[in-house]
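Accompanying notes for the structure given below.
Every number in this text was worked out from the coordinates using simple rules, so none of it is lab data. Since the structure is predicted, the reported quantities are computational estimates derived from the model, not experimental observations. Please note: Cβ atoms are built from the backbone with ideal geometry, for glycine as well, and neighbour counts cover all protein chains shown.
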Amino acid sequence: MRSENTLFVGGPLDGRVLPVLLGMTGQPPKTYEVPVPHDDGRPPTLHVYRRVPGRVGRLGLPKGWKYEYDPEGKPSGGLKWPWRKTP
């Protein structure tokens, strides 16, 4: 599997560059979830990062990706099918 060094912006991983596995299309996943365990036995806190274009080249196409911290921390809801109504 290929990986790509990806910049993380905001949250507990601010400024770090970590290798992220790429999918079948050669892009990293849309969301990156980081569980942070607690010492007192509570369930871990889940920090969520969303993929955004890293830098834009001359033609307006993204050259790489970066992850920005989502303070709301809601994990992705999965696939959005156009023929399904949202409740």
* Whole-Å semi-axes of the ellipsoid equivalent to the chain (Cα gyration tensor, √5λ, descending) -> 24, 20, 13
* How far, in nm, would the chain grow between LEU22 and ARG58 when pulled straight, counting 0.36 nm per residue and subtracting the alpha carbon separation? -> 10.5 nm
* Report the charge-dipole magnitude of the chain in Debye, nearest 20, computed about the Cα centre from +1 at each Lys and Arg Cβ and -1 at each Asp and Glu Cβ. => 620 debye
* Asked: How high is the relative contact order of the chain, in percent, counting Cα pairs under 8 Å that sit 6 or more residues apart?
  -> 25 percent
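Arrange the following residues from fewest to most other Cβ atoms within 10 Å of their Cβ: ASP39, ASP14. Don't skip to the answer; put the middle values down first.
Details: ASP39 5, ASP14 10.
If I rank by nearby Cβ atoms, fewest first, I get ASP39, ASP14.
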